[in-house]
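Asker: Structure below; questions to follow.
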Amino acid sequence: MIEKINNLLKRVEEFKPNVTTEVEEFRIKILGKKGELTQLMDEFKTIAPELKRELGQKINELKNFTQNRINEMKEEVEAAKQGNESAIDDMTRPGSNDKLGSRHPISIVKNEIIEIFARLGYTVADGPEIEDDWHVFSALNFPPEHPARDMQDTFFVEKNPDILLRTHTSSIQVRTMETQKPPIRVICPGRVFRNEAISYRAHCIFHQIEGLYIDENVSFADMKQSILYFAKECFGDASKIRLRPSYFPFTEPSAEVDVSCNLCNGKGCNVCKGTGWLEIMGCGMVDPNVLEASGIDSKKYSGFAFGMGVERIAMLKFGVKDLRLYFENDVRFLQQFDSSL
Ligand code: PHE
C-alpha cells in the first residue's frame with residue numbers, strides 16, 4: 001500500500017496540464033467517487049490496525065497535497081492563458097488602428113512661411129522669449145517714453161524692469177545683427193507676449209515671423225518684390241499687394257502690407273469688410289540708427305525688415321474667425337488642417 005501511495009504522490013507532483021479541462025479530468029481521476037485516491041481510502045479501511053496510524057497519516061497528507069496542487073494547477077493554467085491572449089495569437093488579424101496626432105494649424109502655417117522664405121535664401125534664427133530692454137526696445141530705436149514700454153503692453157518681470165517677455169521677434173533680428181556680418185538674410189519665428197485683453201482677434205500670447213535682409217544696395221523695390229513673392233506663394237498666384245504708409249520706430253520708411261482678398265478676388269466681402277484687401281504684415285527699411293546700434297555700418301549697408309502674426313495668416317488662409325480656437329486645443333478643431341493625415 002505504501003508503494004501505491006508514493007506512486008500516486010509522484011504522479012500528482014509530475015502532472016503538467018495545459019488547459020483547464022485537463023486539470024478537471026485529472027481531479028476526477030484521482031479524487032472523484034471512483035478516483036484512485038478514493039479507492040485507496042476504501043482499501044485503507046481493510047488493512048491491519050497496527051498499520052493504520054502510519055498509513056492513515058500518509059494518505060491524509062497525499063489527499064491534502066493533491067487538493068492543493070489541483071487548485072494551484074487551475075490558477076497556473078488560467079494565468080498562462082491570459083498571457084497568451086495578449087501575445088500575438090492570430091497573425092492574420094488586421095492590426096489595431098493607432099490614432100495619429102495631427103500638426104497644429106499654427107505649426108503648419110509657420111512651416112509653410114519658413115519654406116517660402118527658405119526658397120529666397122533665408123535661414124531661420126532663434127532667440128530667447130525672456131528678453132532684456134535693449135534687444136526688444138532700445139536697440140530698435142524705441143525712445144524711452146514710447147508707449148509700447150508701458151505696463152499695458154509689455155509683461156515685465158516685476159523685480160527687474162529690464163527683464164521682460166519679448167513683444168515681438170525683432171529682438172532676434174537684433175541678436176543676429178550683433179553676431180553676424182552682412183549679408184544677413186534671416187527669418188525669426190517665435191512666440192511673443194503682449195499684455196492684451198483676450199478676444200476673437202487678440203491674445204496675450206501669439207506667434208510671429210519676422211524677416212531681416214541686410215546687404216549693400218538693398219532697396220525698397222527689393223522689399224516689395226520679396227513680399228509680393230511671399231503673398232503669391234502663400235495666398236495664390238493671383239494675389240496682389242499694396243503698401244500703406246505706416247510707422248515703426250525701427251524702420252524708415254515703414255508700411256503696412258495688404259494682400260488682395262483671396263475669398264472675393266478683391267470684389268469686397270465680409271472677411272475683407274468690403275475693401276477687397278486684407279492686412280497681413282508690417283515692413284520697412286531698417287532705420288540707420290538700428291544698424292548702428294548693432295554695430296553695422298549704415299553708410300555701407302542697408303536693409304529691410306518685415307513682421308507678421310502667424311495666427312492672422314492662418315485665420316485668413318483657413319477662414320477661421322476666432323483666434324482663441326488656436327489656443328483651446330480642441331482636437332476636433334485641430335484635426336481639420338493636417339492634410340498629411
Ligand atoms: N515688429 C513689428 C511688430 O511686432 C513688425 C515689424 C517688423 C514691422 C519689421 C516692420 C518691420 O508689430
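Read the figures in this text as sums done on the coordinates, not as results from a lab. Please read all numbers here as calculations on a predicted model, not as lab measurements. Don't worry about glycine lacking a Cβ; one is built from the backbone with ideal geometry, like all the others, and counts go over all protein chains shown.
Asker: In Å and whole numbers, how far do the C-alpha atoms of region 118-169 stretch along each principal axis, longest first?
Answerer: 42, 21, 17
Asker: Per q in 0.12, 0.13, 0.14 1/Å, what log10 I(q)/I(0) does a Debye calculation on the alpha-carbon atoms of the chain return?
Answerer: With no solvent term, the Cα-only Debye profile gives -0.91, -1.02, -1.12.
Asker: Please name whichever of S96, L228, F327 sits farthest to the positive end of the charge dipole of the chain, dipole taken about the Cα centre and charges placed at Cβ: Lys and Arg +1, Asp and Glu -1.
Answerer: Among S96, L228, F327, the one farthest towards the positive end of the dipole of the chain is S96.
Asker: For the chain, what's the relative contact order in percent, using C-alpha pairs closer than 8 Å and at least 6 residues apart?
Answerer: 16
Asker: Tell me the mean residue ellipticity at 222 nm calculated for the chain from its helices only (DSSP H runs of n ≥ 4, each -39500 (n - 2.57), averaged over every residue, nearest 500).
Answerer: -13000 deg cm²/dmol
Asker: Now, a different point. If the chain between L120 and N289 were fully stretched, how many nm would it gain, using 0.36 nm times the residue separation less the Cα-Cα distance?
Answerer: Gain on extension, L120 to N289, equals 58.2 nm.
Asker: Give me the Å³ per residue figure for the convex hull around the C-alpha atoms of region 220-341.
Answerer: 149
Asker: Work out Dmax and Rg for region 180-227 from the C-alpha atoms and quote the Rg first, both in angstrom.
Answerer: Values for region 180-227 (Cα only, Rg and Dmax): 15.3, 43 Å.
Asker: Would you mind checking region 1-17 for residues with the amide N under 19 Å from a putative spin-label position 7 Å along Cα→C-beta of A48?
Answerer: What the label zone holds, given the 19 Å backbone N cut-off, is 1-5.
Asker: Where the eigenvalues come from the Cα gyration tensor of region 152-250, what are the semi-axes √(5λ) of the equivalent ellipsoid, largest first, in whole Å?
Answerer: 28, 21, 12
Asker: Sticking with this structure for a sec: Take the alpha carbon atoms of region 170-185, find their center, do the same for region 1-30, and report the distance between the two centers in whole angstrom.
Answerer: Here the answer is 84 Å between Cα centres.
Asker: Follow-up question, since we're still on this one. So what's the angle, to the nearest 10 degrees on a 0 to 90 scale, between helix 49-86 and the longest Cα principal axis of the chain?
Answerer: 20
Asker: Where in region 156-181 is the amide nitrogen less than 18 Å from a point lying 7 Å along the Cα-to-Cβ axis of E129?
Answerer: The answer is 156-158, 163-173.
Asker: Taking a Cβ-Cβ separation under 4.7 Å as the criterion for a possible partner, which cysteines of the chain have none?
Answerer: Result for the chain is C188, C204, C234, C283, no neighbouring Cys Cβ within the cutoff.
Asker: What pairs in K4/K52; K10/K63; K224/K321 have C-alpha atoms more than 18 Å from each other?
Answerer: Listed pairs above 18 Å: K224/K321.
Asker: Now for a separate question. 7 Å from Cα along Cα→Cβ at both T21 and I198: what's the point-to-point distance in nm?
Answerer: Here the answer is 6.3 nm between the modelled labels.
Asker: List, largest first, the extents of the alpha carbons of region 2-83 along their principal axes, each in whole Å.
Answerer: 51, 20, 16
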